[in-house]
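Here the structure comes first, spelled out in C-alpha cells, and everything after it is commentary.
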Amino acid sequence: MPDTKLPARPSPEVSDEVRHTTCYMCACRCGINVHLKNGRVKYIEGNRDHPVNRGVLCAKGSAGIMQHYSPARLRKPLKRTGPRGSGEFQEISWDEAYDLAAEWLEPLRKDPEKLAFFTGRDQSQSFTSWWAQAFGTPNYAAHGGFCSVNMAAAGIYTMGGAFWEFGQPDWDRTKLFMIFGVAEDHDSNPIKMGLGKLKARGAKVIGVNPIRTGYNAIADEWVGITPGTDGLFILALVHELMRAGQVDLDYLCRYTNAGFLVNCDEGSEDYGLFLRDEDDKPQVIDRATGAPAAYDAKGVKPSLTADHDADGTPYRPVFALMAELYLEDRWSPDAVAERCGIPAERIRAIAAELARVAFEEEITLDIPWTDWKGERHEQMIGRPVSFHAMRGISAHSNGFQTCRALHLLQILLGSVEVPGGFRFKPPYPKPPEAHPRPHGMAKPGLPMPGPHLGYPLGPEHLLIKPDGSAKRIDKAYTWENPLSAHGMMHMVISNAHAGDPYKIDTLFLYMANMAWNSSMNTSRVIDMLTDKGEDGDYVIPHIIYSDAYSSEMVAYADLILPDTTYLERHDCISLLDRPICEADAAADAIRWPVVEPDRDVKGFQTALIELGVKLRLPGFVDEDGQAIYRDYADYMVNHERRPGVGPLAGWRDPDGSGQGRGKPNPEQLDRYIENGGFWVHHIPEDAQFYKPWNAGYQDWAVKTGLFDAPQPYVFNLWLEPLAKFQRAARGHGASQPPEHLRERVLRTMTPLPTWYAPFEDEGEGVDEYPLHALTQRPMHMYHSWGSQNAWLRQITNANKLYVPGEVWEREGFSEGDWAWLSSPHGRIRVPVARMDALNPHTVWTWNAIGKKPGAWALSDNAPEMREGFLLNHLINELLPPKGDGRRWSNSDPVTGQAAWFDLRVKIERAPEGGPAEPHFEPAKSPVGKGPERLAYGEKFK
Amino acid sequence: MHPAPSVIVFTALSGLGFGLLAWLGLGLPAVYGWAAFWWYFVGYALAVGGLMASVLHLGNPKNGLKAFSQWRTSWLSREGVAAVVTLLIIAPFAIGRIFLDTDWGWLGAIGSLLCLVTVFCTSMIYAQLRTVPRWNNALTPVLFLAWSVAGGALLAGQAVAAGLLLLLAGGVQVAYWLRGDQRFAEAGSTIGTATGLGALGRVRLFEPPHQGTNYLLKEMGFSVARKHAVKLRVIALAAGSLMPAVICILMPAGYVAILIAFPIHLVGIFAARWLFFAEADHVMKLYYGG
Amino acid sequence: MTALPQSTDRKLGLVIDLDTCVGCHACVINCKEWNTSGTGAPLSDQEPYGDTPMGTFLNRIHTFEVEVEASPAQMVHFPKSCLHCDDAPCVTVCPTGASYKRSEDGIVLVNEDDCIGCGLCAWACPYGARELDQEAGVMKKCTLCVDRIYNENLPEEDRVPACVRTCPAGARHFGDLGDPSSAVSQLVAERGGMDLMPEQGTKPVNKYLPPRLRDRSMSGGKSLESKGDSPKGLLSWIDRALEAL
Ligand SMILES: Nc1nc2c(c(=O)[nH]1)N[C@H]1C(S)=C(S)[C@@H](COP(=O)(O)OP(=O)(O)OC[C@H]3O[C@@H](n4cnc5c(=O)[nH]c(N)nc54)[C@H](O)[C@@H]3O)O[C@H]1N2
Ligand SMILES: Nc1nc2c(c(=O)[nH]1)N[C@H]1C(S)=C(S)[C@@H](COP(=O)(O)OP(=O)(O)OC[C@H]3O[C@@H](n4cnc5c(=O)[nH]c(N)nc54)[C@H](O)[C@@H]3O)O[C@H]1N2
Ligand code: SF4
Ligand code: SF4
Ligand code: SF4
Ligand code: SF4
Ligand code: SF4
Ligand SMILES: [Mo]
C-alpha cells in the first residue's frame, strides 16, 4: 500500500498525458479531457474550453471509464450458430464478415428496396444516409421517428428550427423560463448549466410536467399537467394573451406571416392558401396604401386586420383568423382547466406573468443591426421569457400540433431570436423550403436521386407508388403520416414481418436496441424477429447488426459487426448533420482514438466504408474499383458534399485558414486534436440575434458554408403546406388521401395550431384504463447502455412504478408491494412505490432499466432482470382496432412520431414478491459474464 | 445496528470473562493450585476469546497494535489498554494462587477493579455514541457492569450473590429497555433535522442514493420487527436473569446448579446482546428514510 | 491524532445548494472516478456485474419528497458527503489515530496506513459519511479532494474538488467557511445556509442552502385585462395599437 499519511499540501502527478476528445456516453457530445497513465485511461473530466460543457461533466461522462472497460464489449465479428435469440455465435474474421454481408447484399443491388438500413442515435447520419443513397435503397432513416420528430418537424415548419438541438434559451438574459415535458433531453449538460445560471441570478423557472423530479423539482413553480393536454393549456395561454392584446405586434408584422392574406372561401379549391402575386409572393395589405403588396417588399408594413376581396374571393389576414379562432370559448382557461388538471386562475396568472416579463421587463442591447429589407435598427429589443420543451409534448399523437402551439406562443410574445428569448444554433434557422424534399428510389442499380429524408411542402412530395402503396418499408411520407421527416424506425420490423408494403431480405441495423427498449411491444417484436415462414426460413431472412456491446439486440442478429468504444475511433460531429453549435457560434468536433482497441473491432463507419468498397458502391470506389477513402478518418478530411464543404468545417484549405468553406486539408485532424477536438467559429456580435432576418447573419452563414445564398424568411403562424394537405383531403388535386383518412387529415392538419385528444384517450377503453403511464430518463443512465456500467448500475438497477398518493391509498398499497399493470395490449407485473409530487392520473417509471437475461454480461439473476421492467410491453405500435376494423399506427398522424406517452393503463395489486413479468429465459452471453470484483485504479498505485 | 456475531460474542464473552476475573481477584471462590488454574483458565479464555472475536470485526487487523495508541481520547483504545493492563496485572496474582499458593490480596483487588474498568470502557464505546441514542445513555455502562458482575458471580459459583445480582441485572436490563425505547425521540434527530427540510413540511425518502446495499446499510441499516423484539426480550430476561437466578437461589450450594444455570444465562445474555445491537437505531438511517 | 484541534486556521468545505441540485449524480461518479485512482486504496466494487452490486462511494445523492401544506408536494435532491465537522466525533473515537482533523484547513482525513478498519468512526458519524472499503478493509471518506485543491500539477482553476468542478448545475461551492468575506460564507449568509442535524453537536463546516420558496401564487393571481372580448373588438384595438407603432 502506498503511503497514505498525506503531506499538508499533497501534489501528486495526475497523469502521464491528457488527450482531448468528445464524450459519447450520450448524444450531448461534451468535450472531455482523457487522462492516461501507463497507457490506460485513468480519469476523465470535462474540457473547460469546450463550447458545450465548459468543463462540467455528467455522471455518464465520468463513468466513461467503466463503459470503456465494460465486460460486455464485443470482441470480434460474430456469426450466429444457434437459433435467433439463443445467443449462440461463432467468432469470425472481418474478411469472413464482409464476405457474408456481401453475399446477402450484393444481389439486392438490383432490388434495393429489399435492404432496410436503419440507424439509432449515432452521429454520422450524413454519412450513413450517403451510404444508403449510394446503395440505392429507399429504406433508410435514423431513429428520429420514434424519438422526437414532432418537435423537429413542428419547429422547422413553424420557425425554421426547434428546441432539441436546434436552439437554446438565452440563458444569460432570460428572466422567466418555462420548461415543458423534459426530464433530461439531449442537451444534458447545457440545460443544467443554464438552469444553474438562472438559479444563481434568482430568475424564475416554471416546470410543466406531470412528474416533479429533476428539473421540475427545482422549478419555482410546478404545473403538474395531465398528460396529453399541453396543447390545450398553451392555447389557453394564447387565448389570454390575445384577449388582452398582449402580443408583440411589431414583431408579428415584421417577422411572421401574421399579415398574409388567406383565402377564406370555403368553396374555393384554394381555401386556406395565401394570396400570391405573379412572382408567387404571398400578399399582405400594406398599411400605408391599403392595397395588397408582396410581404417582403421594402417599406411594406402589413395590416394584421384588414380583410381583402380579390375578384370576389374573400381574403383575411392570418392574425384575424387567429383572433377569431383563439378567442373562442373552448380555449378559455375555464374551458380547459379540468381536462388539463390546472386551475383556471393559475392559467390566467401564468399568462399574466408571461406578459409582464415579456413586455414590462423588456431588455435592450445597444447593438445596431440591419435587417433583410435593408432597414437599420439601433438596438436589439429583447423579451426575456424563454421556453424549452421535449418529448413530454412531442411523444403524443397530438404532439406535432402541441409543439406548434408552443412555438406560436413564443412568437406571439416576440421572444424567438431576441435577447432573453429563444435562440437558434447554426446551421439553424433553416426554413422548410431550405430543407430537401424526401426522395424515393430511382431505378434499381442506381443511387438514390437525393436524400431520403426531407420536408414535404404538399401532397406532391409524398412517397407513394402509383398503386397508392408506400415506397418505403416504414410507410413514411404516406397519407398516414405525411410529414414523417425522420422516417418511422418503430414500424420497420413489424412492417417487414407483415410484408406490408412489401417483403425485405436484409435488415441492417446500427446502434439501436430494437429487440428491447426502442421497440414498442417488445415481446411481440422478439416474436417477429424469430418468426419463421412455412419454408422454415426466418420471415426477415437476414439481420446484420452493429453494436459495441452485448445488448439484447445482438442475440437476434445473424451477423454482428463489433464497433469500438467511443475512445477508440474516429467520429465526426458535423455541421452536415447534428453539430455542437451554440447560439453565438458555429462549432463541430471529432472523436479520435485516444487509446487503441485491444480487441478485433472496427469503428462502424470504417467498416461501412470497407463494405461499400467491397460492394463497389458509387462514391466509395473510383473507376478502377479502388477505394476512394481508406477509412472514416480519411473520409472526414477528404469528402466534399458540395465544393468546399465537407464533414468538418474547421481548418479547411491546405494552410488551415478556411473556416467553413475551403479545400480539404490533409492536416485537418491534427489541428482539431491540437485545439481540444473541436472547432468554434463565432458569429459577429451584430449578427447574433434576429438570425432569420438579420442581413449580417445571413451573409456570415453563406460565408461559413451553412448555405449558398441568403435565405431570409418569416415564421409560419399559418402553415400553408398543411392547408395543401387539407385541400387534398377535401377532394382536390392529383394525390388525395384514402377515404378513411380524409376526415383525420382535416382534423389534425390544421394550418393554425390546434389540439385534439391523444388517440388513446378517445377509444372505448378510456374508462377501463383510467391512468396515464409515462417513462422518464434517469439523468445518470443512457437508455440501455448504462446497465453494463459498474458504477452507474449501483445507482439504478431496478425500477419501481411510481403511483400517485390517491391511487396508492385507494388501492391499499403499502411499501414493498407489487402490482399488475395492464393496458389494452397486455399486462406486466411490477414493484410499486408512492409519490405525491405527481399528477393524480399518472403513473410512471424510469426508462430502459429492465434487462433481458443473457445481455450486457450481467448475471442471469441481476436486479435489472428481477425487479427491472419495461413499459414497452404495454405499448403497441398499432392502436386497438377502430369501428371499421382498421388499426391505426400508434403515432402522430402528421409526422408518424411514436406516441409513447399516450399509453393508458389500469393498476391492481399483485401477489407479493417478484420477479417482474414478463420474465425471459436467459440467452447465452456471447461475451461471458463480468468479473466478481473490481477495484479500478489499483493498477495506478 | 447490525448484530454482528463478532461484536455480540466480544461483548458477551469478555464481559463474562472480566466479571469472573473480578470475583476471582477478590478471592471468591478462594481457590488455589489446579482448581485455581481452571478458574483462571475459564476467565482468561472468555476475556481473551472475546477480544479475539472483536479483532474479527476489523477490516484491517494487521495494524491492530496501533489501536492502543489513542487512550487519551478514544474509548476503544482505552478499552484495549485497560483489557491488556488488567490481564497483565491479574496474571501475577493468578500465578501466585496457582503455583505459589500465595494470595496477594491487594493485587487481586486492583485486578478486580481493573476488570470493572475494562467492562466500563467497553460499555463506553457504545454509550458515547450520540449517533445511536439508545446506547447514548447512562444506563448503558450500568447494564454492562451489571451483567458482567452477575454473570461473573454465576461463573464464580457465588450462587446467592449471583442470584441476587442476576435479578438486579435483569432489573437494569428492563430499565434500559424502557429508557432506550424513549431515547431516539429524546435525542431529537428526525428526518426533518437530518435533511434540514423539516420546516418545509413532512419529509419522506423518495429514492435512496443507490438501489442495492452498501457498507452503511449493512452495518447500520438493520432493523428488527417489533414482535420479534418482544419475544427476544422475554427470552433474554427469562434466560439471562430469572431462570438462572431462581436456580441459584433454590440450589445455592450446588455446582450442578451452576452448570445448568450458566448455559441458560449464556443464551439469555446472547439474546440481550443481540437485541442491544439490533434494536439500536443509528441516526444515519434517517437519510435512508428512517 | 484523534484529539481535535482547538481551532483551525481555515475551514475549507462545501456549500450545497438544494435549490439548484437536479439530482444528476454527476458529482457522485466524478468523485468515485477521481478518488478510486487517487490517494489511498481504490474505491472497490463487489459483484459489480452480479446480483447484489455494491461499492464504496464518498458522496451520494438521496431524494426526498416533502409534503407541503396548501401547495403541491416537493421533491428535493440531496447530496451528502463528509461535512468536515468542527466537533468531529468520528475523529475522537478512533483508537489508532488514523482519523484526524487538520489544524491548517479543517479537513478531516483518514490515514489508511494506521486504520484497523474497526468501523467505529462510521458509527460515530451521524451523517453516514464514512464507508469501510470492503476490499482494502480501511475506512474511506471524502477528502475534500485534498490531492486536488493544493495540487501544483493541476492548473490553478482546477484546484477545486472534483465534485465541484464537475457539477453541471453549479450546485456545489467550495471555499473557506471560516472567512466571513469568502464567497461561500456570503452565499451562506444570503441564502440562510443551514447545518444538518445541529442537535448532534458536530458543528459541520459544510452548509446546505435550503430550497427557495416554491409555488407561490404568481403575479398575486392577477389576470390580464381584456382588450376586446370579441374578435372584432380585439382587432379594432389592434388597429389602433398598430397605428401607434
Ligand atoms: N441521461 C440521459 N439523457 C438522455 C437520454 C437518456 O437515455 N439518458 N436519452 C436521449 C434521448 S434519445 C432523448 S429523445 C432525450 C429525451 O429527453 P426528454 O424529453 O427529457 O425525455 P424523457 O425522459 O422521455 O422525458 C419526457 C418528460 O416529459 C414528461 N411528460 C410526459 N408526458 C407529458 C405531457 O403530456 N406533458 C408534459 N408537459 N410533460 C409530459 C415526462 O414526465 C418526462 O419528464 O433525452 C436524451 N438524453
Ligand atoms: N417506454 C419507452 N420506450 C422508449 C422511449 C421512452 O421514452 N419510453 N424512448 C424512445 C427513444 S426517444 C429512443 S431514442 C429509443 C432509444 O433506444 P435505443 O436507440 O435502442 O437505445 P439504446 O438502448 O441506447 O441502444 C442503442 C444500442 O447502441 C449500442 N451502442 C452503444 N454505444 C455504441 C457504439 O459506440 N457503437 C455501436 N455500434 N453501438 C453502440 C448499445 O449497446 C445499444 O445496444 O428508445 C425509445 N424507447
Ligand atoms: S451529457 Fe454527459 S454523457 Fe452526454 S456527452 Fe456530455 S458528459 Fe457525455
Ligand atoms: S461528517 Fe461524519 S465523517 Fe465527516 S467530519 Fe463529520 S462526523 Fe466525521
Ligand atoms: S476504522 Fe480506521 S479510521 Fe475509523 S475508527 Fe477505526 S481505525 Fe480509526
Ligand atoms: S470533495 Fe472530493 S472527495 Fe469529497 S465528495 Fe467532493 S469529490 Fe468526493
Ligand atoms: S452534480 Fe450537482 S446537480 Fe448533480 S447531483 Fe451533484 S450537486 Fe446535484
Ligand atoms: Mo430519443
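The values are calculated or read from the model by the stated rules, or taken from the named source; none is laboratory data. Since the model is a prediction, treat every value here as computed from it, not as a measurement. All Cβ positions, glycine included, derive from the backbone under ideal geometry; neighbour counts span all protein chains shown. Remember, those area values only see protein heavy atoms, side chains included, never the ligands or the DNA or RNA. Shrake-Rupley method; radii C 1.70, N 1.55, O 1.52, S 1.80 Å.
Of the residues A:ASP187, A:ASP170, A:ASP122, which single one is of a type in the set (Asp, Glu) and either within 16 Å of ligand 4 (Cβ to nearest atom) or farther than 30 Å from A:ILE381 by Cβ (or both)? Quick ask: steps written out before the conclusion?
Numbers: A:ASP187 fails: either within 16 Å of ligand 4 (Cβ to nearest atom) or farther than 30 Å from A:ILE381 by Cβ (or both); A:ASP170 fails: either within 16 Å of ligand 4 (Cβ to nearest atom) or farther than 30 Å from A:ILE381 by Cβ (or both).
A:ASP122 is the lone residue from the list that is of a type in the set (Asp, Glu) and either within 16 Å of ligand 4 (Cβ to nearest atom) or farther than 30 Å from A:ILE381 by Cβ (or both).
In segment A:644-661, which residues are in a loop (DSSP other than H, G, I, E, B) and among the hydrophobic types (A, V, I, L, M, F, W, C)? Before the answer, list the steps.
Initial filter on segment A:644-661 (in a loop (DSSP other than H, G, I, E, B)): A:644, A:646-651, A:653-657, A:659-661.
Result: A:LEU648, A:ALA649, A:TRP651.
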In the list A:ALA306, A:ALA293, A:ALA258, which residue meets the criterion of being in the same structural domain as A:GLY382 (by TED's automatic domain parsing), closer than 30 Å to A:LYS373 by Cβ, more than 30 Å from the chain's Cα centre (by Cα) and not in a loop (DSSP other than H, G, I, E, B)? A:ALA293
Could you grab the pairs with beta carbons closer than 6 Å, sequence gap of 6+ or different chains, first residue in segment A:114-139 and of a type in the set (A, V, I, L, M), second one within 13 Å of ligand 2 (Cβ to nearest atom) and not in a loop (DSSP other than H, G, I, E, B)? A:ALA116/A:VAL492
Output for segment C:69-95, where each listed residue is open to solvent by less than 30 Å² (accessible area, probe 1.4 Å) and at the interface with another protein chain (Cβ under 7 Å from one of its Cβ atoms): C:ALA73, C:GLN74, C:MET75, C:VAL76, C:HIS77, C:PHE78, C:LYS80, C:VAL93, C:CYS94, C:PRO95
Among A:LEU354, A:LEU327, A:LEU365, the single one that is touching a helix residue (DSSP H, G or I) at 6+ places or on another chain (Cβ under 6 Å) and at negative phi is A:LEU327
Among the residues listed as B:GLY59, B:GLY50, B:GLY64, B:GLY80, the single one being away from ligand 3 (no atom under 16 Å from the Cβ) and more than 8 Å from chain C (Cβ to nearest Cβ): B:GLY50
Hits in segment C:1-15 (condition: assigned to a loop (DSSP other than H, G, I, E, B) and buried (at least 22 other Cβ atoms within 10 Å of the Cβ)): C:THR2, C:LYS11
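Hey, any hits in segment A:368-376 for a residue that's farther than 30 Å from A:LEU838 by Cα, in contact with a Gly (Cβ under 8 Å, 6 or more places away or on another chain) and not in a loop (DSSP other than H, G, I, E, B)? Break it down stepwise before answering.
Initial filter on segment A:368-376 (farther than 30 Å from A:LEU838 by Cα): A:368-376.
Those still in the list that are in contact with a Gly (Cβ under 8 Å, 6 or more places away or on another chain) too: A:369-370, A:373.
Narrowing further to those that are not in a loop (DSSP other than H, G, I, E, B): A:369-370.
Yes, segment A:368-376 contains a residue that is farther than 30 Å from A:LEU838 by Cα, in contact with a Gly (Cβ under 8 Å, 6 or more places away or on another chain) and not in a loop (DSSP other than H, G, I, E, B).
Rundown of residues vs (1) open to solvent by 30 Å² or more (accessible area, probe 1.4 Å); (2) assigned to a loop (DSSP other than H, G, I, E, B), yes/no style:
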| position | (1), (2) |
| --- | --- |
| B:THR131 | no, yes |
| B:THR140 | no, no |
| B:PHE144 | no, no |
| B:VAL160 | yes, no |
| B:TYR176 | no, no |
| B:SER189 | no, yes |
If the Cβ limit is 6 Å and pairs must be 6+ apart or interchain, which residue in segment A:634-655 that is in contact (Cβ under 8 Å) with a residue 40 or more places away in the chain pairs with which residue that is of a type in the set (Ser, Thr, Tyr)? A:TYR635/A:TYR629; A:PRO647/A:SER574
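What are the residues in segment C:43-66 that are within 22 Å of C:TYR127 (Cα to Cα) and at the interface with chain A (Cβ under 7 Å from one of its Cβ atoms), if any?
Going residue by residue through segment C:43-66, those that are within 22 Å of C:TYR127 (Cα to Cα) are C:43-45, C:54-66.
Of everything in segment C:43-66, those that are within 22 Å of C:TYR127 (Cα to Cα) and at the interface with chain A (Cβ under 7 Å from one of its Cβ atoms) turn out to be C:SER44, C:ASP45, C:MET54, C:GLY55, C:GLU65.
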Within segment A:322-345, can you find the residues that are more than 18 Å from C:ALA241 (Cα to Cα) and open to solvent by less than 50 Å² (accessible area, probe 1.4 Å)? A:LEU325, A:TYR326, A:LEU327, A:TRP331, A:SER332, A:PRO333, A:VAL336, A:ALA337, A:CYS340, A:GLY341, A:ILE342, A:ALA344
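Would it be correct to say that A:ARG29 is within 21 Å of A:LEU669 (Cα to Cα), within 10 Å of ligand 3 (Cβ to nearest atom) and of a type in the set (D, E, K, R)?
Values: within 21 Å of A:LEU669 (Cα to Cα): yes; within 10 Å of ligand 3 (Cβ to nearest atom): yes; of a type in the set (D, E, K, R): yes.
In short, yes.
Here is a yes/no grid of residues against (1) at pLDDT below 95; (2) farther than 30 Å from A:ASN839 by Cβ:
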{"position": "A:ASP686", "(1), (2)": "no, yes"}
{"position": "A:TYR697", "(1), (2)": "no, yes"}
{"position": "A:ARG727", "(1), (2)": "no, yes"}
{"position": "A:GLY731", "(1), (2)": "no, yes"}
{"position": "A:ARG742", "(1), (2)": "no, yes"}
{"position": "A:LEU752", "(1), (2)": "no, no"}
{"position": "A:GLU762", "(1), (2)": "yes, no"}
{"position": "A:TYR769", "(1), (2)": "no, no"}
{"position": "A:THR775", "(1), (2)": "no, no"}
Can you tell me which residues in segment A:38-64 are within 25 Å of B:HIS210 (Cα to Cα) and more than 15 Å from ligand 2 (Cβ to nearest atom)? A:LYS42, A:TYR43, A:ILE44, A:GLU45, A:GLY46, A:VAL56, A:LEU57, A:CYS58, A:ALA59, A:SER62
Against the condition in contact (Cβ under 8 Å) with a residue 40 or more places away in the chain, at negative phi and either away from ligand 6 (no atom under 12 Å from the Cβ) or surrounded by fewer than 22 Cβ atoms within 10 Å (Cβ to Cβ) (or both), how does C:PRO126 come out, does it pass? yes
Positions within segment A:530-548 being more than 12 Å from A:LEU507 (Cα to Cα) and out of contact with any strand residue (DSSP E or B) (no Cβ under 6 Å at 6 or more places or on another chain), in sequence order: A:THR530, A:ASP531, A:GLY533, A:GLU534, A:ASP535, A:GLY536, A:ASP537, A:ASP547, A:ALA548
Taking the stated definitions as given, is A:HIS50 in a strand (DSSP E or B) and either open to solvent by 20 Å² or more (accessible area, probe 1.4 Å) or not hydroxyl-bearing (Ser, Thr, Tyr) (or both)? no
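From the list A:LEU74, A:LEU57, A:LEU100, exactly one residue is among the aliphatic types (A, V, I, L, M) and open to solvent by 10 Å² or more (accessible area, probe 1.4 Å). Which is it? So that I can check it myself, show each step before the final result.
On the way: A:LEU74 fails: open to solvent by 10 Å² or more (accessible area, probe 1.4 Å); A:LEU57 fails: open to solvent by 10 Å² or more (accessible area, probe 1.4 Å).
Criteria check complete, one pass: A:LEU100.
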Scan of segment C:165-183 for residues that are away from ligand 3 (no atom under 16 Å from the Cβ), touching a residue at least 24 places away in the same chain (Cβ under 8 Å) and not in a loop (DSSP other than H, G, I, E, B), ordered by number: C:ARG172, C:HIS173, C:PHE174, C:GLY175, C:ASP176
What strands (runs of 3 or more DSSP E) lie completely within segment C:50-136 and have 2 or more residues being of a type in the set (Ser, Thr, Tyr)? C:99-101
Among A:SER494, A:SER484, the single one that is hydroxyl-bearing (Ser, Thr, Tyr), outside any loop (DSSP other than H, G, I, E, B) and within 17 Å of A:SER889 (Cβ to Cβ) is A:SER494
Need at least 2 residues that are within 16 Å of ligand 8 (Cβ to nearest atom) per element, so show me which helices (runs of 4 or more DSSP H) inside segment A:104-215 make the cut, counting only ones lying wholly within it. A:144-147, A:149-159, A:188-201
